[in-house]
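Accompanying notes for the structure given below.
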Amino acid sequence: MASSISKRARMVLLGSVVLTLAVYIIPFGRIVGYPFLLLSTLAHEMGHGITAVAVGAHFHSFHMWPDGSGVANIGGVSGRVSQAAVAAGGLVGPAIAAAMLFTVGRNTTLARISLGILGALLIVAELLVVRGMFAWVFVAILAGACLAIARQRREWLAQLTVVFLAVQLACSVFSRSDYLFTPVAHTSRGPMPSDVAMMAQALVLPYWFWGGLCALFSVAVLWAGLRHFCRA
């Protein structure tokens, strides 16, 4: 039984990778892949927000713009370590989200249930912290898609969706890795200190050190998630 689950899971992973490659090969692939850029931004900013709540601060709002940039408005962060943790939460957010999706994606039933939970959580986020029409529409579409697929009770489709999303987030860890090694973030609000620059301000060591540490952590988390997904 375990062997059949592992074989099916690996086939789903292979299918997700093939679909991902197709997005970048077909004409207008960048347009097709645009929602996945927004998905990684959502995971990044929600990583900031969730970490802020975890350290006792406040997650006021999340904004995202058509160019794929976003900002999480955080308040009440006290202490240098907490400030650094909130900054790091966004950097490792996509990797953690990908690893969690790989973990639940191994099992078809759990994948469908998790997809429904994800859709519900996105609706809660929509009501509490998502601001701005563009971000509101994107999160609403994503939540609706998750809930619609979960309700169909086609567990193979839910599993494929969960693993495909995990692959997209895993890819974003590498495709947007340059952000880990820059002191300035360019958003629609204008330039501002990057997350690694904020970590450097809080914890003294240079920004590239914290960028490298977050990169290593992200790769380790992804490896753990994939290893669990592909185990025999």
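The values are calculated or read from the model by the stated rules, or taken from the named source; none is laboratory data. The model shown is predicted, which means the values in this text are computed figures rather than measured ones. Virtual Cβ from ideal backbone geometry, glycine too; neighbours counted across all protein chains shown. Accessible surface areas use protein heavy atoms only, side chains included; no ligands, DNA or RNA. Shrake-Rupley method; radii C 1.70, N 1.55, O 1.52, S 1.80 Å.
Brief remarks on what is shown
- Selection of first residues in the range 154-170 that are touching a residue at least 40 places away in the same chain (Cβ under 8 Å) and of second residues that are open to solvent by 10 Å² or more (accessible area, probe 1.4 Å) and aromatic (F, W, Y), restricted to Cβ pairs under 8 Å at least 6 apart or on distinct chains, gives the following pairs, ordered by first then second residue: Q168/F36.
Residue by residue, here is whether (1) of a type in the set (F, W, Y); (2) touching a Leu at 6+ places or on another chain (Cβ under 6 Å); (3) at negative phi holds:
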| site | (1), (2), (3) |
| --- | --- |
| G119 | no, yes, yes |
| A125 | no, no, yes |
| A158 | no, yes, yes |
| L165 | no, yes, yes |
| S172 | no, no, yes |
| A185 | no, no, yes |
| Y207 | yes, no, yes |
| R227 | no, no, yes |
| C230 | no, no, yes |
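- All positions within the range 101-117 that are under 18 Å from the mean Cα position of the chain (by Cα), without any contact (Cβ under 8 Å) to a residue 60 or more places away in the chain and surrounded by fewer than 21 Cβ atoms within 10 Å (Cβ to Cβ): G116, I117
- Those residues of the range 167-182 which are more than 16 Å from G225 (Cα to Cα) and not aromatic (F, W, Y), in sequence order: S175, R176, S177, D178, L180, T182
- Residue match in the range 129-143 (condition: touching a Gly at 6+ places or on another chain (Cβ under 9 Å), more than 30 Å from S78 (Cβ to Cβ), surrounded by fewer than 21 Cβ atoms within 10 Å (Cβ to Cβ) and of a type outside the set (V, I, T)): yes
Residue by residue, here is whether (1) in a helix (DSSP H, G or I); (2) within 29 Å of L110 (Cα to Cα); (3) touching a Ser or Thr at 6+ places or on another chain (Cβ under 9 Å) holds:
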| residue | (1), (2), (3) |
| --- | --- |
| F164 | yes, yes, yes |
| V173 | yes, yes, yes |
| M192 | no, no, no |
| Q201 | yes, no, no |
| L205 | no, no, no |
| G212 | yes, no, no |
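- Identity of the residue in the range 180-199, free of Cβ contacts under 8 Å to residues at least 40 places away in the same chain and touching a Gly at 6+ places or on another chain (Cβ under 9 Å), that ends up least open to solvent (accessible area, probe 1.4 Å): S194
- Note on the range 45-59: residues that are under 13 Å from the mean Cα position of the chain (by Cα) and either modelled with pLDDT under 90 or surrounded by fewer than 21 Cβ atoms within 10 Å (Cβ to Cβ) (or both) amount to 1.
- Only residues that are part of a helix (DSSP H, G or I) and buried (at least 18 other Cβ atoms within 10 Å of the Cβ) were counted in the range 60-100, giving 18.
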